[in-house]
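Worksheet: the structure to be examined is printed underneath.
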Amino acid sequence: MALLAAEQQKPADASDASFLARALRRIKPSATIAVTDKARALKAAGRDVIGLGAGEPDFDTPENIKEAAIKAIRDGKTSKYTAVDGMAELKAAVARKFKRENELDYKPSQIIISTGGKQVLYNALVATLNPGDEVIIPAPYWVSYPEMVMLAGGEPVQVDSRMEDGFKMRPDALERAITPKTKWIIFNSPSNPTGAAYTRDELKAITDVLVRHPHVHVMADDMYEHLVYDDFQFYSPAQLEPRLYERTLTVNGVSKAYCMTGWRIGFAGGPEPLIKAMAMIQSQSTSNPTAVAQWAALEALEGPKDFIARHNAVFKERRDLCVSMLNQANGIKCPKPEGAFYVYPSCAGTMGRTTPSGRRLATDQDFVTELLETEGVAVVQGTPFGFGPAFRISYATRTEDVEEACRRIQRFCGNLK
Ligand SMILES: Cc1ncc(COP(=O)(O)O)c(C=O)c1O
């Protein structure tokens, strides 16, 4: 282990690019966090800004969940490490959740609790990817998927969809993307960023393809499962196609439906050897997710759920407002998604046009920059999600603000020449 004398003398200078890992050269910072930060800075400088960038509910964590956390602290249940892969009580509750809501049987040894859904996904990729392994990612996709795949040493393979198909991947496009090197598909329905959710038949057409390719594993990101509207019926891939059970990691968490993004609890059920490998990574990196947050998540999963329907009624009203108002804006086309709290309009009709200040819009980045500067509306450009020119609106913010933001977008588009 002894270092050569010359190496020992080298200064460890963090400003030197060679100090940073080469793997970092492949990835970029999150565009959604960047726009949220920019909107926050403008607001702090006194500008009237409506932020439609953040991917988290505007509702507070329900009282019963907060109380459960406070009680756990008072009862002295939070001062020690828990089991690395999650408390037995929470794992049992997650097993009941999968059974009750998804008709999926997972034993506690097939379940892991992590620090948010994000850590679940990242652990799974690090646990399985070797250089050259391919991961299919249907586009538009959540910005973190390709970056996580690359950090873990794999190759993201984008499969495009069309707005005319409601941003849902066609089965033949999936079929064409599968190679002998395909290890995973990351399947996210309802989707961030489009809100698109696959119906039973649409999902069946996708799982039929996957059944024919037994070497492909399925990372089912069900994070937005409960955020669906108009009586939409949600199915998880392994629920609809039991032949995929053995090779599916079903990922979920409390962040979105339970308004708990800050608590950082995600979970997954899957094949025991995979879960064990993920737990090993967790044991040597972060250890258990925060104990108090695990007690809160337990209450979320086992306690009353009536607030979800109440929140969904508000989300649905905002979705309908966005779709209707954006489709009246010049050059904007906005499909009506089935779920999540996002809409994903195309701004192709504004490309090549000019703002009153004389700026020509050539990309969706130009569109969102000009929109923020002239109208104080922060949205995220589509390109980092793998489909443009478009932008993502998160309507998880006050209804009055959503309405005012759409009015400003209409004015912005109406003023383009
Ligand atoms: C599609 C999708 N998956 C996973 C996550 C991660 O959720 P968490 O906040 O629990 O890490 C997010 C969060 O934005 C998401 O949009």
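Every read-out reported here was derived from the displayed coordinates using simple, explicitly stated rules and does not represent laboratory data. Treat the numbers as computed from the prediction; the structure is a model and nothing was measured. Virtual Cβ from ideal backbone geometry, glycine too; neighbours counted across all protein chains shown.
Which percent, nearest 5, of DSSP beta bridges in the chain are antiparallel? Don't skip to the end; give the middle numbers.
Numbers: 16 of 35 bridges.
So the antiparallel bridges amount to about 45 percent of the total.
Among Phe19, Phe234, Phe267, the order by Cβ neighbours within 10 angstrom, fewest to most, reads Phe19, Phe234, Phe267.
Using +1 on the beta carbon of Lys and Arg, -1 on that of Asp and Glu, and nothing else charged, what's the dipole of the chain about the Cα centre, debye to 20?
Values: 51 positive and 51 negative charges, 102 e Å.
Computed charge dipole of the chain: roughly 480 debye.
Just checking the listed ones, Ser357, Ser161, Ser189: in the Gaussian network model of the chain with Cα springs under 10 Å, the one fluctuating most is Ser357.
So if I take the alpha carbon set of the range 139-180, get Rg, then get Rh from the Kirkwood formula, what is the Rg over Rh ratio?
Values: Rg = 11.6 Å, Rh = 11.4 Å.
The Rg/Rh ratio comes out at 1.02.
Summary of packing: across the peptides 342-349, 278-285, 406-413, 190-197, the per-residue average of other C-beta atoms within 10 Å ranks them, highest first, as 190-197, 342-349, 406-413, 278-285. When Rg and the Kirkwood radius Rh are both evaluated on Cα atoms of the range 244-321, their ratio Rg/Rh stands at 1.07.
Build a GNM of the chain with springs between Cα atoms under 10 Å apart, and of Ala23, Ala405, Ala68 the one that fluctuates most is Ala23. Between Ala21, Pro140, Thr194, whose Cα lies farthest towards the positive end of the dipole of the chain when Lys and Arg beta carbons carry +1 and Asp and Glu beta carbons carry -1, centred on the Cα centre? Working it through, the farthest residue towards the positive pole turns out to be Ala21.
When the P(r) of the range 105-243 is calculated, the portion above 18 Å amounts to 55% of the C-alpha pairs.
To the nearest 20 debye, what is the magnitude of the charge dipole of the range 89-178 about its Cα centre, counting +1 on the Cβ of each Lys and Arg and -1 on the Cβ of each Asp and Glu? Write down the numbers at each step before the final one.
Working: 11 positive and 13 negative charges, 108 e Å.
In debye, rounded to 20, the range 89-178 gives about 520.
Please compute the alpha carbon radius of gyration of the range 73-181, then divide it by the globular-protein estimate 2.2 N^0.38 Å. Two decimals is fine. Intermediate values should be presented prior to the final figure.
Working: Rg = 18.1 Å, N = 109, 2.2 N^0.38 = 13.1 Å.
This ratio for the range 73-181 stands at 1.39.
Which pairs in the list Lys77/Lys183; Lys305/Lys333; Lys77/Lys118; Lys80/Lys316; Lys66/Lys316 are over 32 Å apart, alpha-carbon to alpha-carbon?
Working: Lys77/Lys183 40 Å; Lys305/Lys333 35 Å; Lys77/Lys118 25 Å; Lys80/Lys316 42 Å; Lys66/Lys316 26 Å.
Long pairs (Cα-Cα over 32 Å): Lys77/Lys183; Lys305/Lys333; Lys80/Lys316.
Sorted fewest first by neighbouring Cβ atoms within 10 angstrom, Tyr245, Tyr235, Tyr395, Tyr81 come out as Tyr81, Tyr245, Tyr235, Tyr395.
The Rg/Rh ratio of the range 171-248, with Rg taken over Cα atoms and Rh as the Kirkwood radius over Cα pairs, comes to 0.96. Principal axis analysis of the Cα atoms in the chain yields extents of 64, 61, 52 Å, listed in decreasing size. Taking a Cβ cut-off of under 14 Å around Lys99, the surrounding Lys, Arg, Asp and Glu residues balance to a net charge of +1, with basic ones at +1 and acidic ones at -1.
Take the cross-link list Lys256/Lys336; Lys28/Lys97; Lys71/Lys256; Lys38/Lys256 and give me the ones stretching past 27 Å between alpha-carbons. It would help to have the intermediate numbers written out before the result.
Working: Lys256/Lys336 20 Å; Lys28/Lys97 35 Å; Lys71/Lys256 23 Å; Lys38/Lys256 23 Å.
Where the Cα-Cα span goes over 27 Å, the pairs concerned are Lys28/Lys97.
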